[in-house]
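Notes follow the structure.
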Amino acid sequence: MISRRNFFSICIMMAVLLFMLQFSQVIKANGNNYNVNEYMTSEDILSGADRWRPGELTEPGYVVFIGSQMNPVGNVVLQWCDFTKRDRIVVSDINELTLPEGKLPKLILIDSDFVDFKTDTTALINFTKEGVSLVFCNLPDIEVIQGNARLRKLLGISKVDQYWIQTMGIQLYSGFMVGGEAIYQVRQQDDEKLQDLQLAVPWYRMDSGTKAYMVGLLEIDEEDEDGIKREDFPAIIWRNSYEEAMVFAISGNYMSSLTGLGILDAFVYEMEPYQLYPVINARNTVMANYPNFSAENEEELNQIYSRSPKALYRDIMWPSIAAVSERFNLRLTCYLMPQHFYADELEPSDDDLVFYFQQFKEISAEAGRTLEYAGDVELKDKLVRDENFLQNLTESYRFGTFYAGEEITEELYDLLQNETFKDLRTLVVNGRDKYPLVSYCTDEVTLQSITAEATDYTYSKDLQMRSLVTALGYTNVLVDLTNVTWPQSEDEQWQNYFDDISSNIGSYWSRYQEFSATSLSESDAHVRSFLNLNYRESREDRIITLQVENAGNEAWFVLRTHDETIAQVEGGTYEEVEAGFYLIHVLSEHVEIQLKADSLSLDVMNAGDKVY
């Protein structure tokens, strides 16, 4: 039995604890300026009117592309030229190529579909004699290579062993792109759904002196002395030294997607003593169409979850989303969906509006607005109804980012030209094949494309992520929660959907923590700096001088070195992402990077690379 004294002490302690907890929550609530978008504080932003544009050809930086800018390979090549600030000449026929007098290009990039190798091989060889390196963005038909000895010599192919061979997987050697070695091979049954790389490849035997960066894996019998050796594996991406230049080759369609951006940067890195180029530096996580503020599909959701839609979004989904954000150091951008159907009479409820904005503030998330909807109404009418729903917040909270779904419609383009989107700075679109990765929609509005969907991890997506991080320090991962409200299968129900996204984000999509986790408005500022800046760099002894113009207050660059490390940086800061790969934060127009020799790097810089 508890004595009166002990009972009184327990009551006092409980009262004190209750007071402390309540008082702390009061302070927390009073200090939570939930109705202010902290990522939209500056009015002084860079404009698309001042974006970088290609200018006059200058040696040695410009490149030549033989192909069409209208096909997938040309689209990737021209984006790469824009992102790396390279002037270029584009021709569909090498015989139409006219170069500025006395100015040779740094690279000639070749879409083999636009080259007649019976007549044009000589011209390509002549360029290598002048020290101009070549990049074969794809290869001609195997029969063309088989029947052209000079082309084989140019590519570093000694013979065509087999027209096609089925490999066990793909190996990317370390030192080529950020992230180290990767082996994309099915080792257990669960991995089968991940394997979407092209495993049937031509088998070329390589000349001595060629260097492979990615190969197809074959089964090896260690006891068979005359069997297949590792150096015989089919090369998929490789380099050949020819005359006074380097010849790079890609077997397959890797240059038809954004994966090609990092491959091209890696080729340039192989050509030079060091490589310095601008990047975006942004890791975005987009939560599309969440939270939903209407009771749509209420009957089915009650049957599945035994809860109302409101309770599902707030009590089940939000704690899990917030936990993932905190655990994996994400900065979410949540695109609100007041309602999905606008033709019915079911209107959204603002009961939880303040709750969500307070929660966003707690985890440093940003709120955006979605442009996706259903119902026979015009977009401008949807926007007016959403504005009315958000009116208590929109007087102070500035929505700087909107999610456009899979397409930017003509109606949306028209609305961008007036005051409908007074605070809009960046559109997010899930249309990687239709739109540039990052660009300006108008002089005031940028476009950022989704790079991957959180539930859709495969080997090709992993390779593409490595490429985008290598080339741009950029990812934009989508978590689309629309189907959770209207699940068509058990996989789309929240418990299963969340298992997928949390597993993929934890294992794959949240890598490369050295790059900044950003909201979309923060990422917008990085994108504007990246698209607008121009730069010049030079080197004397071990000091690299970088001059940056038109970048605003800050910019980011990647420096890749072979046998040197950074000693110090004046005019900025730096962080080592991995050996020989540095992220440099530029804080001044004039930056000096002092290098020092690294005796260890000679042993590790290309560990795993195979030289035939």
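The values are calculated or read from the model by the stated rules, or taken from the named source; none is laboratory data. Please read these numbers as outputs of a predicted model, since none were measured by experiment. Using ideal geometry, Cβ is built from the backbone for each residue, glycine included, and neighbour counts are taken over all protein chains shown. Surface areas here come from the heavy atoms of the whole protein model, side chains and all, with no ligands, DNA or RNA. Shrake-Rupley method; radii C 1.70, N 1.55, O 1.52, S 1.80 Å.
Dividing the radius of gyration of the alpha carbons in the range 128-228 by their Kirkwood radius gives 1.00 for Rg/Rh. The orientation-averaged shadow of the Cα convex hull for the range 122-170, equal to a quarter of the hull surface, comes to 4.4 nm². Which FRET efficiency value, to the nearest 0.05, do you get for Glu444 and Glu38 by plugging their Cβ-Cβ distance into 1/(1 + (r/R0)^6) with R0 = 25 Å? Calculated value: 0.75. Straightening the chain between Leu587 and Gln189 buys 138.3 nm, computed as 0.36 nm per residue apart minus the Cα-Cα spacing. Approximating the spin labels as points 7 Å out from Cα along Cα→Cβ, the Ile142-to-Leu57 distance works out to 3.7 nm.
Among the trypsin sites (Lys or Arg not before Pro) in the range 371-428, those located in a DSSP loop and surrounded by at most 10 other Cβ atoms within 10 Å of their own Cβ are Lys422. The stretch between Val160 and Arg385 holds 74.5 nm of extra length on full extension. This uses 0.36 nm per residue minus the Cα-Cα distance.
For the chain, the residue among Ala123, Phe328, Tyr497 whose Cα projects farthest onto the positive side of the dipole built from Cβ charges is Phe328.
Set the Förster distance to 22 Å, then compute FRET efficiency between Ala322 and Glu300 from the Cβ-Cβ distance, nearest 0.05. Working from the Cβ atoms, E equals 0.30. Starting from the Kirkwood Rh over alpha-carbon pairs, what translational D in µm² s⁻¹ does the range 483-557 have by Stokes-Einstein at 10 °C and 1.306 mPa s? The Stokes-Einstein estimate is 97 µm²/s.
What the Cα atoms of the range 359-488 give is an Rg and a Dmax of 16.0, 46 Å. Below 8 Å, C-alpha to C-alpha, sequence gap of six or more: please give me the relative contact order for the range 175-293 in percent. The normalised contact order for the range 175-293 reaches 19 percent. To check you understand DSSP bridge types, tell me what percent of the beta bridges within the chain (both residues inside) are antiparallel, rounded to 5. For the chain, the DSSP antiparallel bridge percentage is about 60.
Remark: C-alpha extents of the range 433-542 on the principal axes read 61, 36, 23 Å, sorted largest to smallest. Per residue, the convex hull spanned by the Cα atoms of the range 479-608 measures out at 144 cubic angstrom. Taken along its three principal axes, the alpha carbon spread of the chain comes to 94, 61, 55 Å, from the longest extent down to the shortest.
Rounded to two decimals, what ratio of Rg to Rh does the range 327-396 give with C-alpha atoms and a Kirkwood Rh? Reported Rg/Rh (Cα atoms, Kirkwood Rh): 1.01. Placing one identical point scatterer on every Cα of the range 196-306 and ignoring solvent, what is log10 I(q)/I(0) from the Debye formula at q = 0.22 Å⁻¹? Summing over Cα pairs of the range 196-306 leads to -1.29.
Check the straight Cα-Cα distances from Lys380 and name the lysines below 16 Å, setting aside those fewer than 8 residues away within the same chain. Correct list for Lys380: Lys422.
Distances between every pair of Cα atoms in the range 62-148, grouped in 10 Å steps from 0 to the bin holding the largest one, split as 16, 53, 27, 4 percent.
What is the percent of Cα-Cα separations in the range 250-351 that go past 23 Å? It works out to 54 percent of all Cα pairs.
Normalised per residue, the accessible area of the chain is 45 Å², obtained with a 1.4 Å probe and no contribution from ligands, DNA or RNA.
The simple Förster model, with R0 at 30 Å and r as the Cβ-Cβ distance, assigns Gln495 and Ala343 a FRET efficiency of 0.45. Judged by the ratio a/c of the largest to the smallest principal axis of the C-alpha gyration tensor, the range 178-254 counts as oblate, that ratio being 1.5 or greater while a/b is no larger than b/c.
For the range 472-527, the equivalent ellipsoid built from the Cα gyration tensor has semi-axes of 27, 14, 7 Å, listed from largest to smallest.
The helix-only estimate of mean residue ellipticity at 222 nm for the chain, built from DSSP H runs of length n ≥ 4 each weighted as -39500 (n - 2.57), is -8500 deg cm²/dmol after division by the residue total.
Roughly how far apart, in whole Å, are the Cα centres of the range 315-359 and the range 515-554? Computed from Cα coordinates, the inter-centre distance equals 34 Å. For the chain, the fraction of 1.4 Å probe accessible surface lying on carbon and sulfur atoms is 45 percent.
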